[in-house]
1. Is there a residue being on the phi > 0 side of the Ramachandran plot and in contact (Cβ under 8 Å) with a residue 60 or more places away in the chain anywhere in the range 110-120?
2. Could you tell me which residue of the range 66-83 is nearest to the ligand (Cβ to nearest atom), considering only residues that are assigned to a loop (DSSP other than H, G, I, E, B) and open to solvent by 30 Å² or more (accessible area, probe 1.4 Å)?
3. From the list ARG241, ARG235, which one is surrounded by 11 or more Cβ atoms within 10 Å (Cβ to Cβ), touching a residue at least 60 places away in the same chain (Cβ under 8 Å), more than 18 Å from THR28 (Cβ to Cβ) and in contact with a Phe, Trp or Tyr (Cβ under 9 Å, 6 or more places away or on another chain)?
4. If a residue must be surrounded by fewer than 21 Cβ atoms within 10 Å (Cβ to Cβ) and either farther than 18 Å from ASP86 by Cα or in contact with a Pro (Cβ under 9 Å, 6 or more places away or on another chain) (or both), how many such residues does the range 158-172 contain?
5. Would you check which residues across the range 193-224 are within 13 Å of the ligand (Cβ to nearest atom), in contact (Cβ under 8 Å) with a residue 60 or more places away in the chain and in a helix (DSSP H, G or I) and list them?
6. Does GLY176 meet the test of being on the phi > 0 side of the Ramachandran plot and not in a strand (DSSP E or B)?
7. Let me confirm something: among ARG48, ARG30, which residue is more than 18 Å from the chain's Cα centre (by Cα) and open to solvent by 20 Å² or more (accessible area, probe 1.4 Å)?
8. State yes or no: is ALA63 touching a helix residue (DSSP H, G or I) at 6+ places or on another chain (Cβ under 6 Å), within 10 Å of the ligand (Cβ to nearest atom) and open to solvent by 10 Å² or more (accessible area, probe 1.4 Å)?
Amino acid sequence: MPADHGGGDQLTATALVTGASSGIGEATARLLAAGGTHVLLHGRDRDRLAALAGELGGTVLDADLADPEAAGKLAERALAVTGRVDVLVNNAGLGWAGPLPELPAEHLARLVAVNLTAPLELTRALLPGMLARGCGRIVFVTSIAGRTGVAGEAVYAATKSGLDAFADSLRFELHGTDVTVGVVVPGVVRTAFFERRGRPYARTTPRPVSAQRVAAAVVRATAKPGDYYVPRWLRVPVALRGAVPGAYRALAARFGAES
Ligand SMILES: NC(=O)c1ccc[n+]([C@@H]2O[C@H](COP(=O)([O-])OP(=O)(O)OC[C@H]3O[C@@H](n4cnc5c(N)ncnc54)[C@H](OP(=O)(O)O)[C@@H]3O)[C@@H](O)[C@H]2O)c1
């Protein structure tokens with residue numbers, strides 16, 4: 001998004017991409033950088049981030065978002081680099097799969113901190129600058145799990161559903177301003193996500209899509225705000241659940257509601 005920041009001076013936009021060290025975030029950073037955006041590359045893996053910055057020319061900002069103070073500090077560091085963040089891609093996240101009683105309490109807290117609290121806090125901290133400059137694009141990477149529910153991933157799904165509600169409310173709040181909110185809702189994506197959550201993806205359908213395809217939707221969401229399902233047909237089960245929730249639940253329970 002090449003941005004005009006007043007006075008007609010055409011400056012390169014600055015985008016903070018959380019979770020840029022891997023998967024969807026890395027693919028998004030690559031696409032944004034290819035379009036001329038200065039990317040602030042967030043993650044925890046400094047080596048991967050440094051290698052990516054070497055390739056794309058971005059700036060590395062490492063932070064463990066499970067730390068309650070990390071998101072606020074990350075926003076300050078991001079603003080210190082170029083004085084503004086025009087695009088915020090809230091992508092960093094992790095999963096966990098298994099029966100709820102087996103989810104360790106500290107991992108539950110980590111899921112909520114990284115997937116939900118950190119994006120809320122980053123958005124809160126970076127929004128005033130966007131409003132003051134009259135220019136901002138905020139994108140949330142949520143999940144189909146947050147829209148339909150998934151067995152064995154109740155906490156993960158709740159964090160993503162929380163992001164959806166936050167994004168919807170923010171859209172109302174920002175109506176009439178030049179700050180937009182986009183939501184990207186991926187299904188199954190070929191990244192390290194499943195391996196890291198401790199249970200590989202074992203189903204044959206839905207077939208995993210590439211991280212690049214999700215990244216393209218993230219970039220589209222910065223240009224034209226809205227909800228982007230990847231793949232697009234995922235909107236069908238969501239619509240069905242909205243229209244006939246009882247029938248949807250019966251079908252999902254019969255044909256498998258876990259991933
Ligand atoms: N893959 C899927 O099927 C799928 C489906 C729906 C939604 N999503 C969502 O897409 C987003 C990206 O996931 P992905 O598939 O690209 O997975 P991924 O390859 O595992 O990438 C996850 C990213 O999040 C970062 N991250 C994880 N924990 C963090 C923490 N405590 N502090 C800071 N950063 C942390 C990782 O950083 P480090 O590697 O540096 O630790 C990494 O960059 C997530 O929000 C996920 O929920 C994924």
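The values are calculated or read from the model by the stated rules, or taken from the named source; none is laboratory data. Bear in mind the structure is a predicted one, so any value in this text is a computation, not a measurement. With ideal geometry, Cβ positions are generated from the backbone for all residues, glycine too; neighbour counts draw on all protein chains shown. Side chains are part of the model used for accessible areas, which takes the heavy atoms of the whole protein and leaves out ligands, DNA and RNA. Shrake-Rupley method; radii C 1.70, N 1.55, O 1.52, S 1.80 Å.
1. Taking every residue of the range 110-120 in turn, none turns out to be on the phi > 0 side of the Ramachandran plot and in contact (Cβ under 8 Å) with a residue 60 or more places away in the chain.
2. Residues of the range 66-83 that are assigned to a loop (DSSP other than H, G, I, E, B), as a first pass: 66-69, 83.
In the following step, the residues that additionally are open to solvent by 30 Å² or more (accessible area, probe 1.4 Å) were identified as 67-69, 83.
Working: ASP67: 8, PRO68: 12, GLU69: 13, GLY83: 24 Å.
Among them, the one singled out is ASP67.
3. Values: ARG235 fails: touching a residue at least 60 places away in the same chain (Cβ under 8 Å).
Going through ARG241, ARG235 in turn, the sole match is ARG241.
4. Residues of the range 158-172 that are surrounded by fewer than 21 Cβ atoms within 10 Å (Cβ to Cβ), as a first pass: 158, 161-162, 164-166, 168-172.
With either farther than 18 Å from ASP86 by Cα or in contact with a Pro (Cβ under 9 Å, 6 or more places away or on another chain) (or both) added as a condition, the list becomes 158, 161-162, 164-166, 168-169, 171-172.
Counting residues in the range 158-172 that are surrounded by fewer than 21 Cβ atoms within 10 Å (Cβ to Cβ) and either farther than 18 Å from ASP86 by Cα or in contact with a Pro (Cβ under 9 Å, 6 or more places away or on another chain) (or both) gives 10.
5. Result: PHE193, PHE194, ARG196, ARG197, ALA211, GLN212, VAL214, ALA215, VAL218.
6. Numbers: on the phi > 0 side of the Ramachandran plot: yes; not in a strand (DSSP E or B): yes.
The answer is yes for GLY176.
7. Numbers: ARG30 fails: more than 18 Å from the chain's Cα centre (by Cα).
Every option except ARG48 fails the conditions.
8. yes
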